[in-house]
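Undergrad: Structure provided below as structure tokens; questions to follow.
Quick note: the coordinates plus some simple rules give every number you see, no bench work behind them. Since the model is a prediction, treat every value here as computed from it, not as a measurement. Cβ placement follows ideal geometry from the backbone for every residue including glycine, while neighbour counts extend to all protein chains displayed.
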Amino acid sequence: MECKDFEGLLSAYLDRELKLEDQKEVGRHLEACGRCQAELQALLSVKERLRAQSLPSIPADLVAEIESQTVYRPRAWGDRRWWIPVLALAGAAAGWSLFEFHKPVVPGVPLTIPVAQAPQRPTALPQAVLAWHPTSDSDTDKDLQ
């Protein structure tokens, strides 16, 4: 590779941003090329001068404005969302009741469901029915005989 191929890699080499194989290749080129070594030294001196510069001060009103928009401040009690824990508690109670009262169905075992049982029919008619005789309807008398 030629020097023009390494010019864009020198800053990344200085900041240790290259892959290991690219870093080794740039290092080998730097050992053999005085021009690229001079370019690397120039980049290094720029980096050191920038580090030596003091940071500009930030105006206090700008800091206050940024903090007012980003720093968490708790809300008043009326603004709180009280329904979130209530909803969570209701969901937990519903989930608990499902697990507590659910009876699993086992394959091969019949599911027994209680059914209201009808009273047994009497095999013989009660005495009150046998003793009944209509007095006014002659057709009913014929049906009973």
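Undergrad: Along the charge dipole of the stretch 3-52, pointing to its positive end and built from +1/-1 on Cβ of Lys, Arg, Asp and Glu, which listed residue (L10, Q41, G27) has its Cα farthest out?
TA: Q41
Undergrad: Roughly how many debye, to the nearest 20, is the charge dipole of the stretch 3-52 about its Cα centre, given +1 on each Lys and Arg Cβ, -1 on each Asp and Glu Cβ, and no other charges?
TA: Values: 9 positive and 10 negative charges, 39 e Å.
In debye, rounded to 20, the stretch 3-52 gives about 180.
Undergrad: If R0 is 35 Å, what FRET efficiency do you get for D61 and Q37 from their C-beta distance, rounded to 0.05? All intermediate terms of the calculation are to be shown ahead of the outcome.
TA: Numbers: r = 48 Å, r/R0 = 1.37.
According to the calculation, E is roughly 0.15.
Undergrad: Continuing with the same structure: Explain nothing, just compute: Karplus ³J(HN,Hα) = 6.51 cos²θ - 1.76 cosθ + 1.60, θ = phi - 60°, for every residue of the stretch 82-95 in order, whole Hz, x for Gly and Pro.
TA: 5, 6, 5, x, 5, 5, 5, 5, 5, x, 5, 5, 5, x
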